[in-house]
1. Report the gain in length on full extension from Leu9 to Ile116: 0.36 nm times residue separation, minus Cα-Cα distance, nm rounded to one decimal.
2. Indicate the helices, whole DSSP H runs only, in the chain that combine a mean Kyte-Doolittle hydropathy of -0.5 or more with a Cα extent along their long axis of 27 angstrom or more.
3. How much length is gained if the chain between Leu23 and Tyr130 is pulled fully straight, taking 0.36 nm per residue apart and subtracting their Cα-Cα distance, in nm to one decimal?
4. Can you compute the modelled spin-label distance between Ala36 and Phe53, with each label point 7 Å from Cα toward Cβ, in nm?
5. Only helical DSSP H runs with n ≥ 4 go in: add -39500 (n - 2.57) per run for the chain, normalise by residue count and round the 222 nm mean residue ellipticity to 500 deg cm²/dmol.
6. So, with +1 on the Cβ of K and R and -1 on the Cβ of D and E, and no other charges, what is the size of the charge dipole of the chain about its Cα centre, to the nearest 20 debye?
Amino acid sequence: MMEESRGRLPAKQTLLLILVPMLGTFACLRLYLHFAGVRHIYPGGVLVHHLFFGVVMALPAAFILAFGARSRVTAVLALAALGIGSGMILDEVTYLVLTKGSDADYVSRTSLFGAIGFISLAVILLLALYRSHRG
């Protein structure tokens, strides 16, 4: 039988493996938007937002972590995927819920500040969880 803590990482490493990719993804998405403008992907003629890709990354990572990663490498990859996916999801929630979903709405202050608000809440939650699990 496999040891229970084999894939478990220290709280600080867990925090950083989620937080840094999440913030990096958010920053990269917004910088790309600023410099390159709004670009869309239409596989099969259907508009796919990066929220979708975030969900596709975050859910399997969360399931792996919920059952316990079988190795450190799997844990590291799942935590990073959770961070990247969360960044993608949190970047688009306000845009898709509080706006009409136009290109202009995506570059609006509502979308930006809403995304910053959701990212901030996620950071606060991660820091609170870290404080409760360290040492």
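Here, each number is a calculation from the coordinates, and none is a lab measurement. As the structure is a prediction and not an experimental result, all values here were calculated from the model. Positions of Cβ are backbone-derived with ideal geometry, glycine not excepted, and every protein chain shown enters the neighbour counts.
1. Working: separation 107, 0.36 × 107 = 38.52 nm, distance 2.80 nm.
So the chain would gain 35.7 nm between Leu9 and Ile116.
2. Values: long enough: 11-36 (37 Å, 1.33); 72-98 (39 Å, 1.54); 109-133 (35 Å, 1.36).
Membrane-span-like by this rule: 11-36, 72-98, 109-133.
3. On the way: separation 107, 0.36 × 107 = 38.52 nm, distance 1.64 nm.
That works out to 36.9 nm of additional length.
4. Inter-label distance under the simple model: 0.8 nm.
5. Details: 5 runs with 100 residues, N = 135.
Calculated from helices alone, the mean residue ellipticity at 222 nm is -25500 deg cm²/dmol.
6. Values: 11 positive and 6 negative charges, 81 e Å.
So the dipole magnitude of the chain works out to roughly 400 debye.
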